[in-house]
Amino acid sequence: MKNKLKLGIVGAGNIFKVAHAPVLAEHPEIEFVAVCDPIADRAKQQADQWGIPHYYTDYKEMLTNHPELDAIDICAPNIYHSDIAVAALEAGHHVFCEKPDAISPEEANRMANAAEKSGKLLMTMRNNRFRPAIQFLKKYVAAGQAGEIYTGRCGWVRRRGIPGKGGWFTTKELSGGGPLIDLGVHFIDVAVWLMGNPKPVSVVGATYTKFADTSLSDSAHSQFGEKAEQGIYDVEDLATGFIRFDNGATLQIEFSWASNIEEEMNFVELRGTKAGFTFKHGETRIFTEIEGTLCDISPKLAKDHHGHGEHLHHFIDCVQGREQPIITPADGLHMIQILSAIYESARTGSEVKL
């Protein structure tokens, strides 16, 4: 275990500024060494704000100049995740990467192989696993209280909340897709994790692009990414799907940046033979039967938070040898396989076997 882990950052945009930097800057075992962003002014601004000694516009130059780095934190656009991660792992650094893991199964597999070969830790953001309600539900399910979980649904739907319209978020070449790959990673992961990680065997999906011309926004999440007037919008703004697993369980999904609904909401609803439960607006409710009586239970939990800090702390604890990772490169590969298959099903109009 080291007293200080020397950290390099690739990507100085909003997700780093809002969700990563404040947490890492306060951690007693983290020392910022360098930050990289292709926009020099943004890299310098973040270096100045957080007291980071070095800034770069080329991550390869950063890796070459700082072999002493212990870990790399990747907050770059989706298309670059795999190249940066593989380069960092091959250089002997641990890697924490923002979601999604990659934009294709092939790239996710390349990352996993590089991690195995290097012997270094590769972990991708799954912050919602660390929310108080989800942590409680994981223990509840593991204790057998829900019985066999056999079906459910999950999603994150927005009324108007397109991030960085015209920028990299809405440019398929850079992002890999729209809300399915942006938001689906979060709550498909939570649902499958709570279900006990059954193996997906087939998917059916559909995608829609209906709001490319809208300029409205009612979601704080649309701040992520930078808008570009007259930019590209060639991704979906709503995706639906249905996943079958090898144990017979099923999962319905729905993810949107824009659709005519009452309000923005993310949710997980799972049904078991002993109990079902919902997670909505950061709270959970359990539906069960006690002594022949139907009962609704509302656990009193810690105040909800999005879990970014807890996950970054978990990564540091794993690098320092205090904990074992609860998220693995294999988890990431399986997630990208699911998302890729849903996009393929939407394109062909057919079920896709995994």
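The values are calculated or read from the model by the stated rules, or taken from the named source; none is laboratory data. Note that this is a predicted model, so its numbers are computed, not measured. Don't worry about glycine lacking a Cβ; one is built from the backbone with ideal geometry, like all the others, and counts go over all protein chains shown. Accessible surface areas use protein heavy atoms only, side chains included; no ligands, DNA or RNA. Shrake-Rupley method; radii C 1.70, N 1.55, O 1.52, S 1.80 Å.
Which percent of the accessible area of region 1-49 is formed by carbon and sulfur heavy atoms (probe 1.4 angstrom)? Heavy-atom surface of region 1-49 belonging to carbon and sulfur, 1.4 Å probe: 52 percent. Backbone geometry of region 280-286 corresponds, through the Karplus equation with coefficients 6.51, -1.76 and 1.60 at θ = phi - 60°, to 3J(HN,Hα) couplings of 9, 6, x, 10, 10, 10, 10 Hz, x marking Gly and Pro. Solvent-accessible surface of the chain, averaged per residue with a 1.4 angstrom probe and all protein chains in place: 45 square angstrom. Within region 202-300, the trypsin sites (Lys or Arg not before Pro) that combine a DSSP coil assignment with at most 11 other C-beta atoms in a 10 angstrom radius are LYS300. Could you tell me what percent of the accessible area of region 240-354 is made up of carbon and sulfur, with a 1.4 Å probe and every protein chain present? Solvent-exposed carbon and sulfur of region 240-354 make up 47 percent of the total. Each residue of region 89-97 was assigned a 3J(HN,Hα) from its phi angle through the Karplus expression (A = 6.51, B = -1.76, C = 1.60, θ = phi - 60°), giving 5, 5, 7, x, 10, 5, 9, 10, 10 Hz with x at Gly and Pro. At an R0 of 25 angstrom, the distance between the Cβ atoms of THR328 and LYS199 translates into a FRET efficiency of 0.95. Taking all Cα pairs closer than 8 Å and separated by 6 or more residues, the relative contact order of the chain comes to 20 percent. Rounded, prolate or oblate: which fits region 1-158, taking a ≥ b ≥ c as square roots of the Cα gyration tensor eigenvalues, rounded meaning a/c under 1.5, else prolate when a/b beats b/c? Prolate is the answer for region 1-158, as a/c is 1.5 or above and a/b outweighs b/c. Building the convex hull from the alpha-carbon atoms of region 1-47 and averaging its projection over directions returns 3.2 nm². Summary: within the chain, the longest segment free of GluC sites (Glu not before Pro) located in DSSP loops with at most 14 other C-beta atoms within 10 Å is 149-228. Computed from the Cβ-Cβ distance with R0 of 41 Å, the FRET efficiency linking ASP41 to THR348 stands at 0.40.
Each 5 Å bin from zero holds the following percent of Cα-Cα pairs in region 109-176: 3, 11, 10, 13, 15, 17, 18, 11, 3, 0. Here the spin labels are modelled as points 7 Å beyond Cα on the Cα-Cβ line, and at GLN320 and SER298 they lie 3.8 nm apart. Computed over the chain, the per-residue total of -39500 (n - 2.57) for DSSP H runs of n ≥ 4 gives a 222 nm mean residue ellipticity of -9500 deg cm²/dmol, rounded to 500. Legend: calculated FRET efficiency, PHE287 to GLU61, from the Cβ-Cβ distance at R0 = 56 Å, rounded to 0.05, equals 0.50.
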